[in-house]
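**Student:** After the structure tokens below, expect a handful of questions from me.
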Amino acid sequence: MRAVVLSRVTNAADIRLSEVPVPKVRPGWVLIKVKAFGLNHSEKLLRQSEIQADYIRKPVIPGIECAGEVADPSDTGLPAGQKVIALMGGMGRSFNGSYAEYALLPAQNVFAIESDLPWEVLGAVPETYFTAWGSLFECLCLTVGDTLLIRGATCALGYAAMQLAKALGCKVIATTHRTEKLPLIAAADESILDGGRLTGVLRGVTKALDLVGPRSLKDTLTAVEKGAIVCQTGILGGIYTLNGFDPIKDIPNGVYLTGFFSNYPSRKIIDEIFAFIHEKKLIPVCGKVFDFEHLRDAVAAQEEGTVNGKIVVVMKE
């Protein structure tokens, strides 16, 4: 089969499709014929730096998610040909991932789905919609009457969160720090140019999804109403930790702070996501689709930031 294999820091221009053996099936694992997969910031970090870490299995096929069909179920009970998605649990780091024509994945991270959505749309769902769903409903306990702030909304996760929240019936306030990207969040009830300080600018925010991360988190905590919940999920601001953070002083009284870690998908949540998508007749948001043969171009687009939204790679039939 063809796959991308990484063993060192690799720029987009150096991405190559290599010929490697199709993985041999073993108990507890499922061989998936990959039909589509999305690109993620996580894989960009892997290519550009994390590949050097000792805990990364090298050489490794990257890719933390995919949509496809069961090619060989081993002893898992899944029928051959079953439509599935798979995500996380070590994909593309602890074991080979989805930048390949076939992927051998642990059964607990493979989920049977029933959907008539085309592969290029299904490829946009697994990691992005799981993270959006978990952030909104598990962490923020989002309800119809909420006013949701999405800070750093012009990314795949931001678009997905906005779509889900609007379908639920919430009021959505979305921000971007670039004037030219304001039209990209026009679906929100309010689109705001974020100059770095929202405290004193907003009124009535009961839930906040901060995708910028530690760079903006203290300000987000003081920009919401008393009783609000703030969930920090993204790290678009390029700062990964908060040095000198004082929870007693930096979290206002009556405001709640949480975060979503997407490494543990479950059957229940995947079922809830697809039931909601089908009930609301949503078409998951996709920025641009590339053929597998043009994977290098897809990675280059991700590296250069030329695509607004999720980049999906599909296999030709």
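**Student:** Which number in (1) small (Gly, Ala, Ser); (2) free of Cβ contacts under 8 Å to residues at least 60 places away in the same chain; (3) surrounded by 16 or more Cβ atoms within 10 Å (Cβ to Cβ) marks the one condition that ALA275 misses?
**Tutor:** Just one mismatch for ALA275, condition (3).
**Student:** Out of all the residues in the range 66-89, which are small (Gly, Ala, Ser), within 23 Å of the chain's Cα centre (by Cα) and surrounded by fewer than 18 Cβ atoms within 10 Å (Cβ to Cβ)? Steps first, answer last, please.
**Tutor:** Residues of the range 66-89 that are small (Gly, Ala, Ser), as a first pass: 67-68, 71, 74, 77, 80-81, 86, 89.
Subset that is within 23 Å of the chain's Cα centre (by Cα): 67-68, 86, 89.
Hit for the range 66-89 is GLY89, nothing else.
**Student:** Which one is surrounded by the most Cβ atoms within 10 Å (Cβ to Cβ), of the residues in the range 10-33 that are outside any helix (DSSP H, G or I) and charged (D, E, K, R)? Lay out the reasoning, then the answer.
**Tutor:** Step one: list which residues in the range 10-33 are outside any helix (DSSP H, G or I), which gives 10-11, 15-33.
Restricting the remaining residues to those that are charged (D, E, K, R) gives 16, 19, 24, 26, 33.
Values: ARG16: 11, GLU19: 8, LYS24: 9, ARG26: 10, LYS33: 19.
Looking at the filtered set, the residue picked out is LYS33.
**Student:** Take the range 186-211 and flag every residue that is touching a helix residue (DSSP H, G or I) at 6+ places or on another chain (Cβ under 9 Å) and closer than 16 Å to LEU136 by Cα. Working first, answer last.
**Tutor:** Filtering the range 186-211 down to residues touching a helix residue (DSSP H, G or I) at 6+ places or on another chain (Cβ under 9 Å) leaves 187-189, 191-193, 196-202, 205, 207-211.
Across the range 186-211, the qualifying residues are ALA188, VAL205, LYS207, ALA208, LEU209, ASP210, LEU211.
**Student:** Let me ask you something else. Applying the selection to the range 35-55, what residues are in contact with a strand residue (DSSP E or B) (Cβ under 9 Å, 6 or more places away or on another chain) and either over 18 Å from ALA12 (Cα atoms) or small (Gly, Ala, Ser) (or both)?
**Tutor:** Across the range 35-55, the qualifying residues are LYS35, ALA36, GLY38.
**Student:** I'd like to verify a number: residues in the range 216-247 that are hydroxyl-bearing (Ser, Thr, Tyr) and in contact with a Phe, Trp or Tyr (Cβ under 8 Å, 6 or more places away or on another chain), how many? Even if it seems obvious, please write down each step before you answer.
**Tutor:** Initially, the range 216-247 is screened for residues hydroxyl-bearing (Ser, Thr, Tyr), giving 216, 220, 222, 233, 240-241.
With the extra rule that they be in contact with a Phe, Trp or Tyr (Cβ under 8 Å, 6 or more places away or on another chain), the set shrinks to 233.
The qualifying residues number 1.
A quick yes/no check of all residues on (1) more than 22 Å from VAL30 (Cβ to Cβ); (2) assigned to a loop (DSSP other than H, G, I, E, B); (3) assigned by TED's automatic domain parsing to the domain that holds GLY169:
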| residue | (1), (2), (3) |
| --- | --- |
| PRO79 | no, yes, no |
| LEU105 | no, no, no |
| GLN108 | no, no, no |
| TRP133 | yes, no, yes |
| LEU136 | yes, no, yes |
| CYS141 | yes, yes, yes |
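For every residue, the table says whether it meets (1) assigned by TED's automatic domain parsing to the domain that holds SER216; (2) modelled with pLDDT under 95; (3) among the basic types (Lys, Arg).
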{"position": "GLY254", "(1), (2), (3)": "yes, no, no"}
{"position": "LYS268", "(1), (2), (3)": "no, no, yes"}
{"position": "HIS278", "(1), (2), (3)": "no, no, no"}
{"position": "PHE292", "(1), (2), (3)": "no, no, no"}
{"position": "ASP297", "(1), (2), (3)": "no, no, no"}
{"position": "ALA300", "(1), (2), (3)": "no, no, no"}
{"position": "GLU303", "(1), (2), (3)": "no, yes, no"}
{"position": "VAL307", "(1), (2), (3)": "no, yes, no"}
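**Student:** Name, by its number, the condition in (1) out of contact with any Gly (no Cβ under 8 Å at 6 or more places or on another chain); (2) without any contact (Cβ under 8 Å) to a residue 40 or more places away in the chain that does not hold for LYS207.
**Tutor:** (2)
**Student:** Can you pull out every residue in the range 221-234 that is part of a loop (DSSP other than H, G, I, E, B), surrounded by 18 or more Cβ atoms within 10 Å (Cβ to Cβ) and either touching a residue at least 40 places away in the same chain (Cβ under 8 Å) or basic (Lys, Arg) (or both)?
**Tutor:** VAL224, THR233, GLY234
**Student:** Would you be able to tell me the number of residues in the range 44-58 that are exposed (fewer than 15 other Cβ atoms within 10 Å of the Cβ) and in contact (Cβ under 8 Å) with a residue 24 or more places away in the chain?
**Tutor:** 6
**Student:** Quick check on ALA36: is it modelled with pLDDT of 95 or more, under 21 Å from VAL312 (Cβ atoms), within 21 Å of the chain's Cα centre (by Cα) and surrounded by fewer than 18 Cβ atoms within 10 Å (Cβ to Cβ)?
**Tutor:** Spelling it out, it is not the case that ALA36 is modelled with pLDDT of 95 or more, under 21 Å from VAL312 (Cβ atoms), within 21 Å of the chain's Cα centre (by Cα) and surrounded by fewer than 18 Cβ atoms within 10 Å (Cβ to Cβ).
Every residue, every condition in (1) in a loop (DSSP other than H, G, I, E, B); (2) closer than 22 Å to SER115 by Cα; (3) not aliphatic (A, V, I, L, M), yes or no:
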position: ILE270; (1), (2), (3): no, yes, no
position: HIS278; (1), (2), (3): no, yes, yes
position: LEU282; (1), (2), (3): yes, yes, no
position: CYS286; (1), (2), (3): yes, yes, yes
position: VAL289; (1), (2), (3): no, yes, no
position: HIS294; (1), (2), (3): no, no, yes
position: ASP297; (1), (2), (3): no, no, yes
position: ALA300; (1), (2), (3): no, no, no
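**Student:** Another question about this same structure. Within the range 150-196, take every residue that is part of a strand (DSSP E or B), closer than 17 Å to SER135 by Cα and among the hydrophobic types (A, V, I, L, M, F, W, C) and give me the one that is nearest to the chain's Cα centre (by Cα).
**Tutor:** Across the range 150-196, the extreme among qualifying residues is ILE150.
**Student:** Exactly one condition in (1) in contact with a Lys or Arg (Cβ under 7 Å, 6 or more places away or on another chain); (2) outside any strand (DSSP E or B); (3) of a type in the set (A, V, I, L, M) is not met by ALA71; state its number.
**Tutor:** Of everything listed in (1) in contact with a Lys or Arg (Cβ under 7 Å, 6 or more places away or on another chain); (2) outside any strand (DSSP E or B); (3) of a type in the set (A, V, I, L, M), ALA71 misses just condition (2).
The values are calculated or read from the model by the stated rules, or taken from the named source; none is laboratory data. Keep in mind that this is a model prediction, so the values were computed, not measured. Virtual Cβ from ideal backbone geometry, glycine too; neighbours counted across all protein chains shown.
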